[in-house]
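A.B. asks: Before we start, here is the structure in question, set down as structure tokens.
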Amino acid sequence: MSMNGREKITNKKRLKPAKIVWQVIVYLLLITGAIVMLIPFFWMLSTSLKESFQVFSFPPKWIPDPIKWDNYVLTFNSLPFGKWLVNTVIITASTIVGTLLSCTIVAYGFARFRARGRNVLFLVMLATMMLPSAVTMIPVFYLFKSLGWINTFYPLIVPAFFGNAFFIFLLRQFYMSIPTELEDAAKIDGLGTVGILWRIIVPLTMPALTTVAIFQFNGAWNDFMGPLLYLSKPDLYTLALGINFFKSQNDVQWNYLMAASLVTMLPSLILFFVGQKYFIEGISLSGGIKG
């Protein structure tokens, strides 16, 4: 073996311990950060299982003694939690359907159709993302009020069927990365535009559509401002608005409030763990097109 080869092997052996040390440091930092982020969630869980007089005790007790599992039952019995949950599910599911349907169609049009003024319309759509919600809040409220939609779910559901600028942009970029040869082959087989969209494009863009659905779920499930503006009847409250109403009471029980908040937060956590691979892997066509 030449001297250069021996020097390279020696340098690799020297670098290996340094690389291991660096990896250990990175993992320790990640573990520390994860623990810091999980402390509020653990405190929420701990508080939800405590007696009322133990919530603000000092020094704080991280492990409740005794553990009061019936706090959750008392919370559901003292609040119309089931009604709020049904309202939230109706609004969230409807907005997900509306967003996926409208954004898919509009994004495909921007990505594939060649029409005069298409780019101008796309820029105008992107410009709407720069408008703060506070600017459009009052005009939109008066619009829905004139339609008689106050204290109904329509103001929270119908806008989703008219698209979302960010989601349209996201899906358009994804569609533009799909080779047009696939659509040409589908046209030869006799598929029309609608058939190509639903039988070719949509299956290939499931990672992007799933990402849009997850973002929309989190936005609708945790939405507070929309229900606050349009819903004033307690029977129509969503979970976010209902929990805030419960918190505003003078004799609020913080252990019950933490129990309700934890149950409200669980669907978002479950959805994140189920769909996290779409965030980690990113939006790509690596698994969609082969050969």
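Derivation of every value follows stated rules applied to the coordinates shown; laboratory data play no part. These numbers were taken from a predicted model, which means no experiment stands behind them. Cβ sites come from the backbone with ideal geometry, for glycine too, and all protein chains shown count toward neighbours.
A.B. asks: Given 247/277; 61/83; 68/247, which pairs have Cα atoms separated by over 25 Å? All intermediate terms of the calculation are to be shown ahead of the outcome.
C.D. replies: On the way: 247/277 35 Å; 61/83 33 Å; 68/247 20 Å.
Going by Cα-Cα distance, 247/277; 61/83 fall outside the 25 Å limit.
A.B. asks: What do you get for trypsin sites (Lys or Arg not before Pro) in segment 79-149 restricted to DSSP loop and a cutoff of at most 11 other Cβ within 10 Å of the site's Cβ? Let's see the in-between values first.
C.D. replies: Working: sites: 83, 112, 114, 116, 118, 145; in loops: 114, 116.
Answer by residue number: 114, 116.
A.B. asks: Got a sec to turn the phi values of segment 209-218 into Karplus ³J(HN,Hα) couplings, 6.51 cos²θ - 1.76 cosθ + 1.60 with θ = phi - 60°, whole Hz, x for Gly and Pro?
C.D. replies: Here the 3J(HN,Hα) series is 5, 5, 4, 4, 4, 5, 4, 5, 4, 4 Hz.
A.B. asks: Follow-up question, since we're still on this one. Which residues does a label at residue 273 reach in segment 33-49, if reach means a backbone N under 17 Å from a point 7 Å past the Cα toward the Cβ?
C.D. replies: 34-35, 37-46
A.B. asks: Right, another one. Hey, rough spin-label estimate for residue 23 and residue 177, points 7 angstrom out along Cα→Cβ, what's it come to in nanometres?
C.D. replies: If labels sit at residue 23 and residue 177, their model points lie 2.8 nm apart.
A.B. asks: Something else about it: With 10 angstrom as the radius, rank 210, 205 by how many other C-beta atoms surround their C-beta, starting from the fewest.
C.D. replies: 210, 205
A.B. asks: Of (i) -0.57, -0.86; (ii) -0.68, -0.98; (iii) -0.40, -0.73, which is the value of log10 I(q)/I(0) by the Debye sum over Cα atoms at q = 0.09, 0.12 Å⁻¹ derived from the coordinates here?
C.D. replies: (ii)
A.B. asks: In nm, give the distance between the simple-model label positions of residue 244 and residue 38, each being 7 Å from the Cα along the Cα-to-Cβ direction.
C.D. replies: In this crude label model, residue 244 to residue 38 measures out at 3.1 nm.
A.B. asks: With r as the distance between the Cβ atoms of residue 90 and residue 254 and R0 = 45 Å, compute the FRET efficiency 1/(1 + (r/R0)^6) and round to 0.05.
C.D. replies: It comes to 0.95.
A.B. asks: Using the charge dipole of the chain (Lys, Arg: +1 at Cβ; Asp, Glu: -1 at Cβ; taken about the Cα centre), state which of 96, 266, 173 has its Cα farthest towards the positive end.
C.D. replies: So the residue we want is 173.
A.B. asks: In nm, to one decimal, how far is the modelled label at residue 51 from the one at residue 143, with both set 7 Å along Cα→Cβ?
C.D. replies: According to this spin-label approximation, the distance is 5.5 nm.
A.B. asks: From the backbone phi of segment 163-180, what are the Karplus-calculated ³J(HN,Hα) couplings (6.51 cos²θ - 1.76 cosθ + 1.60, θ = phi - 60°) in whole Hz, Gly and Pro given as x?
C.D. replies: Calculated HN-Hα couplings, in order: x, 9, 4, 5, 5, 5, 4, 4, 5, 4, 4, 5, 5, 5, 7, 7, x, 5 Hz.
A.B. asks: Here's another thing I want to ask about it. Quick one: net charge around residue 125, please, counting Lys, Arg +1 and Asp, Glu -1 for every other residue with C-beta under 13 Å from its C-beta.
C.D. replies: +2
A.B. asks: Follow-up. So what J values fall out for segment 98-105 if you push phi through Karplus, 6.51 cos²θ - 1.76 cosθ + 1.60 with θ = phi - 60°, rounded to Hz, Gly and Pro as x?
C.D. replies: Going residue by residue, I get x, 5, 5, 5, 5, 5, 5, 5 Hz, with x marking Gly and Pro.
A.B. asks: Still on this structure: Between residue 215 and residue 118, what FRET efficiency comes out of the Förster formula 1/(1 + (r/R0)^6) with R0 = 45 Å and r the beta carbon distance, rounded to 0.05?
C.D. replies: It comes out at approximately 0.95.
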